[in-house]
Amino acid sequence: MVAESPIPHPDDWPVVTLSSICTKIGSGATPKGGQSTYLNERIKYSLVRSQNVFDRHFSFDGLAFISNRQASELKSAELKAGDLLLNITGDGITFARACQVPNSVLPACVNQHVSIIRPDQEIADSNFILSFLTHPAVKPYIESFNAGGSRRAITKGHIESFELPLPPLETQVRIGEVLSALDQKIDLNHQINATLESMAQALFKSWFADFDPVIDNALAAGNPIPEALQARADARAALGDQCKPLPDHIRQQFPDRFVGTEEMGWVPEGWHISTIGEEVETTGGGTPSTKNPDFWDNGVHPFCTPKDMSQLKSLALTDTERHLTDTGVQKISSGQLSKGTVLMSSRAPIGYLAISDIPVSVNQGIIAMLPNENYGPVYLLCWAKTNMNQITDRANGSTFQEISKKNFRPIPFLVPGKGILDAFNGRAEAIYSRILLTSEQTDALTKLRDTLIPKLLSGELRVPEAERKLEELAL
């Protein structure tokens, strides 16, 4: 099957098949023994899977590692610098996503769900071909080849037959450089936000899970350290002068002793144990009938599902794929939730987390936690991430695991002193403000890139004009 290229183009750009400008198109396999044989750390080879491939972005989350022997069995699926990755099976989220392999991943192989596309560098530029694969009109084009029924799939032959307009190599390179500059800035912003999120999570863990300030106070006062916390205390003591003390006004808010509890083991003296449901208002959502256009057509109110959360590159939710009308919002019992609400997917899968930067309605696959004067949004998100094992342990279901609000609300919740919460929320708010600023810039850059792709590949916008846009952004 050959489908005509969906991209309009100048008459002097010939239309070619992908096979005619590539030296390799193919996929790999899962090593014998499957996931149980993967290594815990990288010895030499990475194994790239569909979960690592996003549009114009490679995710290192869940990257698998295999032995040299396993890699030798996948020699035909070994990646080279400049190779493009295309997800050739999957659902509506993962299917047909494409990116370029980062050099830092190499050496690496791919499994059977990912295709290697290796352009002939003498006639085709990798960044340009990637821009074709991620062109908004090409997604439905690739879908038209679907050979897998409800679970989408395309074959090597399908990919080879893809048609695209091909400008001269110099033009390809310049188009690729313009879009790659935007990709690099977007990726840098993702890295900045990942670092900021790690800082917030590390602070939460230190104060409210490892109890470092309480341990430090107990050591200073000569008070006994429970055996369960002794290893942590030894590590703190070994840091000596490297252990930066908290400002006195914060340090003094923490107690200097521990007490034993039946529910949570050793906890700081004076802190009490409650439940998430008693301390924080929680709610769920629903989905208005998709067959009723009154609920959806020309909707302007964001409607969040776990799918929206699965595609986030930071903890901030700034928009959603679908939007409701006023009437649609009224069909959901929880209506529209305020900006700053903490969202957690409660099924398929459990555990996506986000803070909404917009008023939002949610579907039945999300539990929403509403911040209050004691517990800010970052506190609640970090609490959920730290306690995810407890959350998933309370899930049930035959088709897929789900945690209900009924099972979620009784989860034990440690209540610190108000001064400590205020100190954390102040620091967390500063971190989150920086995350939001970076996220907003990333959204603007992403929209610019996604606008430039069809304009550059159609010849509607020439490279010098696009380069001037980048100069205005100091990229």
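Using alpha carbons only, how many degrees (0 to 90, rounded to 10) separate the axis of helix 169-208 from the longest principal axis of the chain?
Long axis of 169-208 versus the principal axis of the chain: about 10 degrees.
Spin-label point model (7 Å from Cα, Cβ direction): what's the GLN401 to LEU219 distance in nm?
It works out to 3.6 nm between the two label points.
Residue separation times 0.36 nm, minus the C-alpha to C-alpha distance between ALA194 and ASN298: what's the value?
34.0 nm
Using the beta-carbon distance between ASP11 and ARG468 and R0 = 30 Å, what value does 1/(1 + (r/R0)^6) give for FRET efficiency, to the nearest 0.05?
Efficiency computed from Cβ-Cβ geometry: 0.75.
Which length gain, in nm to one decimal place, applies between SER289 and CYS243 when the Cα-Cα distance is subtracted from 0.36 nm times their residue separation?
Here the answer is 10.9 nm.
Using Cα pairs closer than 8 Å and at least 6 residues apart in sequence, work out the relative contact order for region 217-354, in percent.
18 percent
What is the distance in Å between the Cα centres of region 413-475 and region 128-195?
Result: 22 Å between the Cα centres.
Quote the relative contact order of the chain in percent (integer), defining contacts as alpha-carbon pairs under 8 Å separated by 6+ residues.
RCO, the chain: 15 percent.
Search the structure for amide H atoms under 5 Å from the amide H of LEU324, placed 1.01 Å from N in the peptide plane, and list their residues when 5 or more places away or on another chain.
Amide H neighbours of LEU324, under 5 Å, 5+ apart: VAL300, HIS301, PHE303.
If I stretch the segment between SER144 and GLU41 completely, what's the gain in nm (0.36 nm per residue apart, minus their alpha carbon distance), one decimal?
Going from the current span to full extension adds 33.2 nm.
Could you work out, for region 317-417, what percent of all Cα-Cα pairs fall into each 5 Å distance bin, beginning at 0 Å and stopping at the bin that holds the largest distance?
Once binned at 5 Å, the Cα pair distances of region 317-417 give 2, 12, 22, 24, 19, 14, 6, 1, 0.
What nm value, rounded to one decimal, do you get for the distance between GLN441 and ASP91 when each label is placed 7 Å out toward the C-beta?
Between GLN441 and ASP91, the label points sit 3.4 nm apart.
Quick one: grab Rg to one decimal and Dmax as a whole number for the chain, Cα atoms only, in Å.
According to the Cα coordinates of the chain, Rg and Dmax are 25.6, 82 Å.
Compute the acute angle (0 to 90°) between the alpha-carbon long axis of helix 418-458 and the principal axis of greatest extent of the alpha-carbon atoms of the chain; round to the nearest 10°.
Taking the Cα atoms of the chain, the angle to 418-458 is about 0 degrees.
Using Cα centres only, tell me the gap between region 32-75 and region 285-310 in whole Å.
36 Å
Can you give me the angle between helix 212-221 and the longest principal axis of the chain, using Cα atoms only, in degrees from 0 to 90, rounded to the nearest 10?
Its long axis makes an angle of about 30 degrees.
For region 122-196, report the % of Cα-Cα distances exceeding 14 Å.
70 percent
Which part of region 255-286 falls in the paramagnetic zone of ASN372, meaning amide N under 18 Å from the point 7 Å along Cα-to-beta-carbon?
271-284
Only loop residues by DSSP count here, and only those with at most 12 other Cβ atoms within 10 Å; note down the trypsin sites (Lys or Arg not before Pro) in region 197-305 that meet that.
LYS291
Can you compute the modelled spin-label distance between GLU170 and GLU227, with each label point 7 Å from Cα toward Cβ, in nm?
With each label placed 7 Å out from Cα toward Cβ, I get 7.8 nm.
How much accessible surface area, in Å² rounded to 10, belongs to the heavy atoms of TRP266 with a 1.4 Å probe?
We get 110 Å² for TRP266.
Please report Rg over Rh for region 335-475, where both radii come from the alpha carbon positions and Rh follows the Kirkwood definition.
Using only Cα positions, Rg/Rh for region 335-475 is 1.13.
Given a 1.4 Å probe and heavy atoms of the protein chains only, how would you sort ASP248, ASP125, largest accessible area at the top?
ASP248, ASP125
Explain nothing, just the number: dipole magnitude of region 43-193 about its Cα centre with +1 on each Lys and Arg Cβ and -1 on each Asp and Glu Cβ, in debye rounded to the nearest 20.
Its charge dipole is roughly 460 debye.
Report Rg(Cα)/(2.2 N^0.38 Å) for region 85-220, keeping two decimals.
It is 1.52.
Over all directions, how big on average is the projection of the convex hull of the alpha-carbon atoms in region 160-254, in square nanometres?
12.3 nm²
Take peptides 460-470, 358-368 and line them up by average Cβ neighbours within 10 Å, highest first, as a rough protection proxy.
My ranking of the peptides, most packed first, is 358-368, 460-470.
The values are calculated or read from the model by the stated rules, or taken from the named source; none is laboratory data. Keep in mind that this is a model prediction, so the values were computed, not measured. For neighbour counting, all protein chains shown are included, and Cβ atoms are generated from backbone atoms with ideal geometry for every residue, glycine included. Areas reflect the complete protein model, heavy atoms only, side chains present, ligands, DNA and RNA absent. Shrake-Rupley method; radii C 1.70, N 1.55, O 1.52, S 1.80 Å.
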